Amino acid sequence: MRLCRYGNNRIGVVRGDYVHDVTGVLDRLGPYHYPLPTHDVLIAALDHLRSDIEALAGVSAPVALSEVRLQSPVANPGKLIAAPVNYQKHLEEARGDAALHHQNQIGEIQRVGLFLKATSSMVGPDEGVVIRFPNRRNDHEVELAVVIGKTADRVPVERALHVVAGYCIGLDMTVRGPEERSLRKSIDSYSVLGPWLVTADELGEPVNLELSLAVNGEIRQAANTRDLILSVPELIAFASSYYTLHPGDILFSGTPAGVGPVQPGDVIRASIDRIGEIAVSVRGS
Ligand code: MN
(Lines give C-alpha, C1' and ligand atoms only; values in the text may rest on other atoms or scores of the structure.)
Protein backbone atom coordinates (compact mmCIF):
# COMPACT_ATOMS: atom_id res chain seq x y z
CA MET A 1 0.00 0.00 0.00
CA ARG A 2 1.09 3.54 -0.78
CA LEU A 3 -0.13 6.06 1.76
CA CYS A 4 0.13 9.82 1.24
CA ARG A 5 -0.87 13.02 3.02
CA TYR A 6 -2.03 15.75 0.69
CA GLY A 7 -3.93 19.00 0.38
CA ASN A 8 -4.75 20.22 3.86
CA ASN A 9 -3.95 17.10 5.88
CA ARG A 10 -6.00 14.63 3.86
CA ILE A 11 -4.88 11.00 3.88
CA GLY A 12 -4.87 9.08 0.63
CA VAL A 13 -4.05 5.71 -0.83
CA VAL A 14 -2.11 5.98 -4.09
CA ARG A 15 -3.02 3.54 -6.85
CA GLY A 16 -1.42 4.16 -10.23
CA ASP A 17 -1.62 7.87 -10.98
CA TYR A 18 -4.55 8.46 -8.63
CA VAL A 19 -5.15 9.23 -4.97
CA HIS A 20 -8.12 7.71 -3.15
CA ASP A 21 -9.23 9.77 -0.16
CA VAL A 22 -9.28 7.75 3.07
CA THR A 23 -9.27 10.72 5.48
CA GLY A 24 -12.32 9.28 7.21
CA VAL A 25 -10.10 6.70 8.86
CA LEU A 26 -8.73 9.45 11.11
CA ASP A 27 -12.06 9.32 12.99
CA ARG A 28 -10.90 5.95 14.29
CA LEU A 29 -7.93 7.50 16.10
CA GLY A 30 -8.19 8.67 19.70
CA PRO A 31 -9.72 10.33 21.62
CA TYR A 32 -6.50 11.73 23.04
CA HIS A 33 -5.94 13.83 26.13
CA TYR A 34 -3.10 16.04 27.22
CA PRO A 35 -0.24 15.19 27.21
CA LEU A 36 -0.55 14.02 23.62
CA PRO A 37 1.40 10.97 22.46
CA THR A 38 4.91 11.78 21.27
CA HIS A 39 4.64 9.34 18.39
CA ASP A 40 2.62 9.49 15.17
CA VAL A 41 -0.79 8.11 16.04
CA LEU A 42 -1.76 7.19 12.47
CA ILE A 43 1.45 5.24 11.85
CA ALA A 44 1.02 3.54 15.25
CA ALA A 45 -2.46 2.36 14.21
CA LEU A 46 -1.59 1.46 10.63
CA ASP A 47 -1.60 -2.33 11.02
CA HIS A 48 -4.87 -2.21 12.94
CA LEU A 49 -6.57 0.12 10.42
CA ARG A 50 -5.10 -1.41 7.30
CA SER A 51 -8.19 -3.30 6.12
CA ASP A 52 -10.44 -0.28 6.79
CA ILE A 53 -8.08 1.95 4.82
CA GLU A 54 -8.06 -0.46 1.87
CA ALA A 55 -11.86 -0.71 1.98
CA LEU A 56 -12.28 3.08 2.06
CA ALA A 57 -9.85 3.47 -0.84
CA GLY A 58 -11.94 1.05 -2.85
CA VAL A 59 -15.06 3.20 -2.61
CA SER A 60 -13.65 6.74 -2.75
CA ALA A 61 -13.51 8.68 -6.01
CA PRO A 62 -10.00 8.86 -7.48
CA VAL A 63 -8.25 12.23 -7.81
CA ALA A 64 -5.32 12.60 -10.21
CA LEU A 65 -1.99 12.73 -8.38
CA SER A 66 -1.01 15.65 -10.60
CA GLU A 67 -3.86 17.66 -9.01
CA VAL A 68 -2.81 17.27 -5.39
CA ARG A 69 -0.21 18.97 -3.23
CA LEU A 70 1.82 16.32 -1.42
CA GLN A 71 2.82 16.82 2.21
CA SER A 72 5.19 14.64 4.20
CA PRO A 73 3.54 11.21 4.47
CA VAL A 74 4.20 11.21 8.24
CA ALA A 75 2.68 14.19 10.05
CA ASN A 76 4.12 13.86 13.56
CA PRO A 77 7.42 12.00 13.76
CA GLY A 78 8.86 12.10 17.26
CA LYS A 79 12.37 12.28 15.90
CA LEU A 80 14.26 12.45 12.61
CA ILE A 81 17.36 10.28 12.95
CA ALA A 82 20.08 10.43 10.32
CA ALA A 83 23.20 8.52 9.37
CA PRO A 84 26.06 10.92 8.61
CA VAL A 85 28.26 8.98 6.19
CA ASN A 86 26.96 5.57 5.23
CA TYR A 87 28.30 4.97 1.71
CA GLN A 88 32.03 4.35 1.24
CA LYS A 89 32.31 6.59 -1.84
CA HIS A 90 30.65 9.46 0.03
CA LEU A 91 33.11 8.95 2.89
CA GLU A 92 35.97 9.27 0.39
CA GLU A 93 34.29 12.33 -1.15
CA ALA A 94 33.92 13.94 2.28
CA ARG A 95 37.55 13.23 3.16
CA GLY A 96 38.66 14.88 -0.08
CA ASP A 97 36.57 18.06 0.25
CA ALA A 98 37.10 20.18 3.35
CA ALA A 99 33.91 22.12 2.57
CA LEU A 100 31.71 19.08 3.15
CA HIS A 101 32.27 18.34 6.82
CA HIS A 102 34.35 19.69 9.61
CA GLN A 103 37.37 17.49 10.26
CA ASN A 104 36.13 16.07 13.56
CA GLN A 105 32.84 14.98 11.99
CA ILE A 106 34.30 12.75 9.28
CA GLY A 107 34.77 9.09 10.00
CA GLU A 108 33.24 5.67 9.87
CA ILE A 109 29.63 5.65 10.96
CA GLN A 110 30.36 3.04 13.63
CA ARG A 111 32.64 5.63 15.28
CA VAL A 112 30.84 8.93 14.66
CA GLY A 113 27.34 7.54 15.25
CA LEU A 114 24.02 9.06 14.25
CA PHE A 115 22.55 12.56 14.60
CA LEU A 116 19.10 14.09 14.95
CA LYS A 117 17.37 16.68 12.78
CA ALA A 118 14.65 18.95 14.19
CA THR A 119 11.15 17.78 13.28
CA SER A 120 10.35 21.41 12.40
CA SER A 121 12.61 21.01 9.35
CA MET A 122 10.22 18.51 7.75
CA VAL A 123 8.24 19.33 4.61
CA GLY A 124 6.55 17.45 1.80
CA PRO A 125 7.84 17.50 -1.78
CA ASP A 126 5.33 20.09 -3.00
CA GLU A 127 6.22 22.53 -0.23
CA GLY A 128 9.75 22.98 -1.59
CA VAL A 129 13.08 23.87 -0.02
CA VAL A 130 13.69 27.46 1.08
CA ILE A 131 17.36 28.43 1.16
CA ARG A 132 18.00 30.31 4.40
CA PHE A 133 21.69 31.25 4.01
CA PRO A 134 22.15 31.95 0.29
CA ASN A 135 25.77 33.03 0.69
CA ARG A 136 26.75 29.64 2.08
CA ARG A 137 26.89 26.29 0.32
CA ASN A 138 23.55 24.44 0.51
CA ASP A 139 23.70 20.82 -0.64
CA HIS A 140 21.26 18.13 -1.66
CA GLU A 141 21.49 14.62 -0.18
CA VAL A 142 19.11 11.92 -1.41
CA GLU A 143 18.52 9.11 1.06
CA LEU A 144 16.29 6.12 1.60
CA ALA A 145 14.09 7.14 4.55
CA VAL A 146 12.78 4.41 6.85
CA VAL A 147 9.53 4.97 8.74
CA ILE A 148 9.43 3.14 12.07
CA GLY A 149 6.11 1.42 12.76
CA LYS A 150 6.51 -0.11 16.22
CA THR A 151 8.08 0.85 19.51
CA ALA A 152 11.56 -0.65 19.57
CA ASP A 153 14.13 -0.59 22.34
CA ARG A 154 17.47 -2.33 21.68
CA VAL A 155 16.05 -4.38 18.83
CA PRO A 156 18.48 -7.01 17.45
CA VAL A 157 19.50 -6.84 13.80
CA GLU A 158 17.60 -10.04 13.01
CA ARG A 159 14.29 -8.54 14.12
CA ALA A 160 14.90 -4.96 13.04
CA LEU A 161 12.86 -5.03 9.82
CA HIS A 162 9.82 -6.15 11.82
CA VAL A 163 9.55 -2.67 13.35
CA VAL A 164 9.46 -0.89 9.98
CA ALA A 165 6.14 0.56 8.75
CA GLY A 166 7.48 1.54 5.35
CA TYR A 167 9.78 3.66 3.28
CA CYS A 168 9.88 6.96 1.46
CA ILE A 169 12.37 9.22 -0.30
CA GLY A 170 14.24 11.63 1.95
CA LEU A 171 16.23 14.74 1.12
CA ASP A 172 18.64 15.58 3.93
CA MET A 173 19.31 19.17 2.87
CA THR A 174 22.42 20.67 4.41
CA VAL A 175 24.14 23.99 4.81
CA ARG A 176 27.87 23.26 4.86
CA GLY A 177 30.08 24.65 7.58
CA PRO A 178 31.71 24.00 10.93
CA GLU A 179 28.57 23.93 13.10
CA GLU A 180 27.06 20.72 14.47
CA ARG A 181 25.11 18.71 11.90
CA SER A 182 21.99 18.93 14.07
CA LEU A 183 22.00 22.70 13.55
CA ARG A 184 23.04 22.88 9.89
CA LYS A 185 20.58 20.20 8.77
CA SER A 186 17.60 21.39 10.83
CA ILE A 187 16.78 24.55 8.92
CA ASP A 188 13.05 24.85 8.10
CA SER A 189 12.31 22.80 4.94
CA TYR A 190 15.69 20.98 5.02
CA SER A 191 14.10 17.55 5.59
CA VAL A 192 11.96 16.62 2.60
CA LEU A 193 9.92 13.41 2.77
CA GLY A 194 7.79 11.95 0.00
CA PRO A 195 6.12 11.29 -2.26
CA TRP A 196 4.29 8.74 -0.07
CA LEU A 197 4.97 5.93 2.36
CA VAL A 198 5.31 2.54 0.67
CA THR A 199 4.49 -0.09 3.28
CA ALA A 200 7.20 -2.61 4.12
CA ASP A 201 5.15 -5.55 2.82
CA GLU A 202 4.84 -3.88 -0.57
CA LEU A 203 8.46 -2.77 -0.89
CA GLY A 204 10.11 -5.93 0.45
CA GLU A 205 13.63 -5.89 1.86
CA PRO A 206 15.39 -2.57 1.19
CA VAL A 207 18.58 -4.26 0.07
CA ASN A 208 18.83 -3.58 -3.65
CA LEU A 209 17.19 -0.25 -4.44
CA GLU A 210 18.61 2.14 -7.01
CA LEU A 211 18.44 5.74 -5.86
CA SER A 212 19.23 8.84 -7.87
CA LEU A 213 19.02 12.59 -7.76
CA ALA A 214 19.16 15.17 -10.55
CA VAL A 215 19.30 18.96 -10.38
CA ASN A 216 17.70 20.74 -13.35
CA GLY A 217 17.92 17.47 -15.29
CA GLU A 218 21.60 16.82 -14.56
CA ILE A 219 22.24 13.57 -12.66
CA ARG A 220 24.28 14.27 -9.53
CA GLN A 221 23.78 11.15 -7.39
CA ALA A 222 23.18 7.56 -8.49
CA ALA A 223 23.74 4.59 -6.22
CA ASN A 224 22.22 1.43 -4.80
CA THR A 225 21.26 0.61 -1.21
CA ARG A 226 23.35 -2.58 -1.45
CA ASP A 227 26.34 -0.25 -0.95
CA LEU A 228 25.17 1.04 2.44
CA ILE A 229 27.96 0.59 5.01
CA LEU A 230 25.40 -0.09 7.77
CA SER A 231 22.32 -1.78 6.30
CA VAL A 232 18.82 -0.70 7.27
CA PRO A 233 18.50 -3.45 9.93
CA GLU A 234 21.92 -2.55 11.32
CA LEU A 235 20.98 1.14 11.45
CA ILE A 236 17.76 0.35 13.33
CA ALA A 237 19.63 -1.85 15.80
CA PHE A 238 22.31 0.83 16.23
CA ALA A 239 19.81 3.66 16.75
CA SER A 240 17.64 1.66 19.14
CA SER A 241 20.69 0.72 21.20
CA TYR A 242 20.75 4.40 22.26
CA TYR A 243 17.08 5.47 22.29
CA THR A 244 13.68 3.89 21.95
CA LEU A 245 12.22 4.15 18.47
CA HIS A 246 8.55 5.06 18.23
CA PRO A 247 5.94 4.75 15.48
CA GLY A 248 6.49 7.54 12.98
CA ASP A 249 10.16 8.09 13.80
CA ILE A 250 12.11 8.58 10.57
CA LEU A 251 15.55 7.19 9.90
CA PHE A 252 17.51 8.82 7.06
CA SER A 253 19.90 6.06 6.00
CA GLY A 254 22.70 8.22 4.60
CA THR A 255 23.52 9.73 1.23
CA PRO A 256 25.75 8.32 -1.51
CA ALA A 257 28.51 10.20 -3.33
CA GLY A 258 27.71 13.14 -5.58
CA VAL A 259 26.40 15.71 -3.11
CA GLY A 260 26.52 19.23 -4.43
CA PRO A 261 25.10 22.72 -4.13
CA VAL A 262 21.65 24.00 -5.10
CA GLN A 263 20.43 27.56 -5.67
CA PRO A 264 17.04 29.25 -5.61
CA GLY A 265 15.32 28.42 -8.91
CA ASP A 266 16.68 24.87 -9.10
CA VAL A 267 14.44 21.83 -9.31
CA ILE A 268 15.60 18.66 -7.56
CA ARG A 269 14.25 15.35 -8.83
CA ALA A 270 14.93 12.29 -6.72
CA SER A 271 13.80 8.72 -7.23
CA ILE A 272 14.13 5.39 -5.48
CA ASP A 273 13.18 2.00 -6.90
CA ARG A 274 9.79 0.67 -5.78
CA ILE A 275 8.93 4.00 -4.12
CA GLY A 276 8.63 6.62 -6.85
CA GLU A 277 9.91 10.09 -7.60
CA ILE A 278 9.72 13.55 -6.06
CA ALA A 279 10.25 16.91 -7.75
CA VAL A 280 11.19 19.63 -5.30
CA SER A 281 11.56 23.33 -6.07
CA VAL A 282 14.30 25.34 -4.39
CA ARG A 283 13.56 28.98 -3.65
CA GLY A 284 14.99 31.94 -1.78
CA SER A 285 13.55 33.07 1.53
MN1 MN B 1 22.60 12.90 5.03
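The values are calculated or read from the model by the stated rules, or taken from the named source; none is laboratory data. Remember, it's a predicted structure, so these values are computed and weren't measured experimentally. Note: ideal-geometry Cβ built from the backbone for every residue, glycine included; neighbour counts use all protein chains shown. These accessible areas exclude ligands, DNA and RNA; they are computed on the full protein's heavy atoms, side chains included. Shrake-Rupley method; radii C 1.70, N 1.55, O 1.52, S 1.80 Å.
Couple of notes before you dig in:
- Every Cα-Cα pair of region 105-163 was included, and the share exceeding 13 Å stands at 80 percent.
- Helix 46-59 vs. the chain, principal-axis angle (Cα, 0 to 90°, nearest 10): 60 degrees
- Accessible area per residue for the chain is 43 Å², calculated with a 1.4 Å probe on protein heavy atoms, without ligands, DNA or RNA.
- Reach of K89 by Cα under 20 Å, taken over lysines that are not fewer than 8 positions away in the same chain: none
- Probe 1.4 Å - accessible area at T38, Å² to nearest ten: 110 Å²
- Mean Cα-pair separation over length for region 78-142, i.e. relative contact order, pairs under 8 Å, 6 or more apart, %: 40 percent
- Using a cutoff of 8 angstrom between alpha carbon atoms and counting only pairs six or more residues apart, the relative contact order for region 63-184 works out to 28 percent.
- Whichever aspartates and glutamates have a C-alpha closer than 16 Å to that of K117, once near sequence neighbours (fewer than 8 apart) are set aside: D139, E141, E143, D172, E179, E180, D188, D249
- Measure of compaction for the chain (Cα Rg per 2.2 N^0.38 Å): 0.95
- Among the trypsin sites (Lys or Arg not before Pro) in region 153-229, those placed in a DSSP loop whose Cβ has at most 15 other Cβ atoms within 10 Å are R154.
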